[in-house]
1. Could you tell me whether residue 193 is surrounded by 15 or more Cβ atoms within 10 Å (Cβ to Cβ) and under 22 Å from the mean Cα position of the chain (by Cα)?
2. Within region 171-253, which strands (runs of 3 or more DSSP E) (wholly inside it) include 2 or more residues that are outside the structural domain of residue 73 (by TED's automatic domain parsing) and in contact with a helix residue (DSSP H, G or I) (Cβ under 7 Å, 6 or more places away or on another chain)?
3. Which residue is surrounded by the fewest Cβ atoms within 10 Å (Cβ to Cβ), if the candidates are limited to region 83-97 and must be over 15 Å from the mean Cα position of the chain (by Cα) and more than 20 Å from residue 200 (Cβ to Cβ)?
4. Inside region 140-158, can you point out the residues that are in contact (Cβ under 8 Å) with a residue 60 or more places away in the chain and either under 21 Å from the mean Cα position of the chain (by Cα) or in a strand (DSSP E or B) (or both)?
5. When you go through 121, 142, 147 one by one, which is the residue that is farther than 21 Å from residue 183 by Cβ and surrounded by 14 or more Cβ atoms within 10 Å (Cβ to Cβ)?
6. Test each condition in (1) within 14 Å of the chain's Cα centre (by Cα); (2) not in a loop (DSSP other than H, G, I, E, B) for residue 107 and report the one that comes out false.
7. Suppose we filter region 40-50 for residues that are touching a strand residue (DSSP E or B) at 6+ places or on another chain (Cβ under 7 Å), in contact (Cβ under 8 Å) with a residue 40 or more places away in the chain and in a helix (DSSP H, G or I); how many remain?
């Protein structure tokens, strides 16, 4: 009997010493300044800092799992990760498949093209022109819905899109304005390019802002992360992270 108790006690001690399982977070790693891959292979950016802050707020450790954009929702559904923190807009179509927290930021979309472009950035003006968008994004849906006569060139990443833009293979590109500004226009590669047309933030296409994606059954995790977003906005941590990347309010209205 004494031996059994000793074994049980040893088991409890071993169990107590075992490290907690980290929560896996799906990130893209190819969407600066929100998420990009550093020279050492780590993933850095606003999304990553947000993920770490929110995990700490709910008492979880985080492991970032880099996944191509096209496969990021399937990875969540296949339980390769527990949540998506990848600047994913909350849209009705996506809510049919996964659930979301409240938004953690919201920014409009814009066109970018070579400086001095004489294109008219209207559905009529871009008819027959070639515009690049990232595949499977709100920007693809917007262009298909509002610019039906424009030829779309689809890309796996924004970097691939801007590379084709600078190579002259497309006439213009459409993407998130902040990602285009900080990830392209303010870099040497984007020196000869500029924004054109109006800013777009149409709920039908652009949704309710970027939220954290979770599986539909994980309602407790969704609610914890939503509360954590409110908490870091209230205690100033959100503002500290925001100032590291932006000189404006990225959260939006």
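The values are calculated or read from the model by the stated rules, or taken from the named source; none is laboratory data. The structure displayed is predicted, hence computed values, not measured ones. Methodologically, a virtual Cβ is constructed for each residue, glycine included, from the backbone with ideal geometry; neighbour enumeration extends over all protein chains shown.
1. Values: surrounded by 15 or more Cβ atoms within 10 Å (Cβ to Cβ): yes; under 22 Å from the mean Cα position of the chain (by Cα): no.
For residue 193, the condition - surrounded by 15 or more Cβ atoms within 10 Å (Cβ to Cβ) and under 22 Å from the mean Cα position of the chain (by Cα) - is not met.
2. Because the criterion is at least 2 residues that are outside the structural domain of residue 73 (by TED's automatic domain parsing) and in contact with a helix residue (DSSP H, G or I) (Cβ under 7 Å, 6 or more places away or on another chain), the strands (runs of 3 or more DSSP E) in region 171-253 that meet it are 172-176, 193-200.
3. If we filter region 83-97 for residues that are over 15 Å from the mean Cα position of the chain (by Cα), which is where we start, we get 92-93, 95-97.
Narrowing further to those that are more than 20 Å from residue 200 (Cβ to Cβ): 95-97.
Numbers: 95: 15, 96: 8, 97: 13.
Checking each candidate, the answer is 96.
4. Taking region 140-158 first, the residues in contact (Cβ under 8 Å) with a residue 60 or more places away in the chain are 141-142, 145, 156-158.
Residues satisfying the conditions are 141, 142, 156, 157, 158.
5. Values: 121 fails: farther than 21 Å from residue 183 by Cβ; 142 fails: farther than 21 Å from residue 183 by Cβ.
It is 147.
6. If we test residue 107 against (1) within 14 Å of the chain's Cα centre (by Cα); (2) not in a loop (DSSP other than H, G, I, E, B), just (2) comes out false.
7. First pass over region 40-50, keeping only residues touching a strand residue (DSSP E or B) at 6+ places or on another chain (Cβ under 7 Å): 43-45, 47-48, 50.
Add one more test, that the residue is in contact (Cβ under 8 Å) with a residue 40 or more places away in the chain, and what stays is 45, 47, 50.
Cutting the leftovers down to in a helix (DSSP H, G or I) gives us 47, 50.
So the count comes out to 2.
Okay, residues lined up against (1) assigned to a loop (DSSP other than H, G, I, E, B); (2) over 30 Å from residue 220 (Cβ atoms):
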| site | (1), (2) |
| --- | --- |
| 101 | no, no |
| 112 | no, yes |
| 116 | yes, yes |
| 124 | yes, yes |
